[in-house]
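These notes are about the structure you will find just below.
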Amino acid sequence: MHRRDVSVPLCGGCQRAGRACARCGKAVPKAGKRLDGEAVACPSCAPYFREKEPCSSCGRLSSKLTWRGEGDLIWRVCEPCRIEPSHATCVHCRRHRAVAGTSEAGAPYCIDCGPLGLTWHSCPGCGVSVAGKGRGRCRSCLNHDRLRHDSRFVAATLSGSWSVELLNDFVSWLLEHDGGNPKLPAIMLSHAPFFASLDSAFDSPGRLGPQTMLDTFAVQGLRRHILPVRFLGERIGLEINAEAKAEHVESARIMAIIDAAEARGCSEDLVCFNQWLIQDLRPTRTRRLYMSAAARLIEAAGGVRLSKLDQDAVDRYLAKFPGRRNDVGPVLRFSRAVLGSETCLPPLSKPRVQQPKPVL
């Protein structure tokens with residue numbers, strides 16, 4: 001040390017013994033990477049501070065690249081590519097381990113299971129028999145811990161206590177019905193947006209009803225989250241029948257027709273036509289068919305309003321599409337009764353006389 005330095009002198013060994021890893025906080029007698037200033041990282045945490053580089057084999061970015069090859073033929077590969085030639089999923093214990101050999105059918109097995117897979121051990125969590133050596137837990141116990149861990153992070157994004165309780169009940173329901181499914185953690189996370197939407201749209205579970213759920217998620221959203229909907233049916237008795245779904249779909253299609261017409265500036269007559277059909281007690285699907293016919297007629301006439309539609313435009317449209325005559329009839333009746341139009345259906349042309357076929 002400099003003769004004017006008044007600090008307490010420390011040797012290199014004591015300096016290294018007193019430093020801690022900037023990531024995990026453990027003592028670092030031998031640094032894996034030096035960071036800014038005097039901060040260091042242990043060898044286990046050092047890869048997290050490295051810049052990611054592409055793997056020479058698969059091209060994926062990774063901060064844990066390993067040198068492979070000899071002499072001039074040397075390259076850097078990621079961990080999955082490094083162990084790919086020597087590791088596979090054991091046919092008995094279903095764990096990704098070093099391959100000890102293959103069976104007569106060509107299935108790989110690890111050294112612990114052997115070719116016959118006669119090695120078993122008890123799960124430390126529940127005591128069921130698990131293939132292979134060691135103290136590995138069964139899939140149900142692994143899913144239990146993983147789902148409880150992930151559900152805590154999902155619950156932290158929810159504001160209502162009732163939605164958090166509903167999420168925890170859903171996790172328990174999943175574990176009870178399909179606890180051994182290896183895809184269960186991914187399934188639970190895929191339904192996390194469902195509970196986030198419930199938390200933001202409702203303030204209590206008492207408001208969860210068929211119509212409110214359809215208004216919030218639509219039929220597509222409920223079909224995407226079929227497992228939470230089935231859980232709510234068992235938990236709070238929520239039941240959304242096929243008639244309610246069909247009613248909601250047809251109503252959404254009617255609104256889409258009106259919105260498309262509003263973008264073209266000709267939606268006022270369609271709104272009045274829809275109200276006229278409602279007063280006439282027409283079913284929702286029938287209203288959607290007549291609304292579609294009105295929108296197609298307006299589009300074929302150049303986007304004019306129904307009140308300004310002339311007879312020539314109707315005749316040309318039905319001459320081009322004669323099969324739409326029955327759908328256009330209610331549209332023209334509405335135009336005459338409400339809008340004061342004088343358009344009507346053209347008379348039917350005489351059907352061609354079918355000549356009898358000669359008998360051979």
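Measuring spread by the Cα atoms of region 76-137 yields a radius of gyration and Dmax of 13.0, 43 Å.
Can you list which of the DSSP-assigned H helices in the chain have a Cα extent of 30 Å or more along the long axis and an average Kyte-Doolittle score of at least -1.0? Within the chain the helices that satisfy the rule are 242-263.
Expressed as a whole percent, the accessible surface of the chain that belongs to carbon and sulfur atoms is 52, based on a 1.4 Å probe. Helical content alone sets the calculated 222 nm signal of the chain at -14000 deg cm²/dmol, taking -39,500 (n - 2.57) per DSSP H segment of four or more residues and averaging over every residue. Count the net charge of all other residues whose Cβ sits under 15 Å from the Cβ of residue 127, scoring Lys and Arg as +1 and Asp and Glu as -1. Here the count lands on +3. As an exercise, identify the trypsin sites (Lys or Arg not before Pro) in region 61-140 lying in DSSP coil whose Cβ has no more than 10 other Cβ atoms within 10 Å. Hits after loop and neighbour filter: 135. Looking at region 262-310, the trypsin sites (Lys or Arg not before Pro) that sit in a DSSP loop and have at most 15 other Cβ atoms within 10 Å of their own Cβ are 264. Farthest toward the positive end of the dipole of the chain, out of 185, 195, 85, is the Cα of 85, where the dipole comes from beta carbon charges about the Cα centre.
Measuring nothing but how far apart in sequence close Cα pairs (under 8 Å, 6+ apart) lie, relative to its length, the chain scores a relative contact order of 5 percent. Given the alternatives (i) 37.0, 138; (ii) 35.5, 128; (iii) 20.0, 59, Rg and Dmax of the Cα atoms in Å as computed for this entry is given by (ii). Local charge for residue 65 was computed over the other residues whose Cβ lies under 12 Å away, with Lys and Arg +1 and Asp and Glu -1, and equals +4. So the label point goes 7 Å from the Cα of residue 35 along Cα→C-beta, right? Which residues of region 49-68 then have their backbone N under 14 Å from it? What the label zone holds, given the 14 Å backbone N cut-off, is 49-51. Charged neighbours of residue 252, selected by a Cβ distance under 11 Å, balance to -1 (K, R count +1; D, E count -1). Shape class for region 245-348: prolate, because the ratio a/c of the largest to smallest gyration tensor axis (alpha-carbon atoms, square roots of eigenvalues) is 1.5 or more and a/b beats b/c.
A 1.4 Å probe run over the chain, with the rest of the protein chains in place, finds 64 Å² accessible per residue. The lysines whose alpha-carbon is closer than 28 Å to the alpha-carbon of residue 52, local same-chain residues fewer than 8 away aside, are 26, 30, 33, 64. For the peptides 180-186, 160-166, the ranking by packing is 160-166, 180-186, with the highest mean count of neighbouring Cβ atoms within 10 Å listed first.
Rounded to the nearest 20 debye, the dipole size of the chain about its Cα centre is 1080 debye, using +1 on the Cβ of Lys and Arg and -1 on the Cβ of Asp and Glu.
The values are calculated or read from the model by the stated rules, or taken from the named source; none is laboratory data. Just so you know, these numbers come straight off a predicted model, no measurement behind them. So basically every Cβ, Gly included, is an ideal-geometry build from the backbone, and we count neighbours across all protein chains shown. SASA here: full protein model, heavy atoms, side chains in, ligands and nucleic acids out. Shrake-Rupley method; radii C 1.70, N 1.55, O 1.52, S 1.80 Å.
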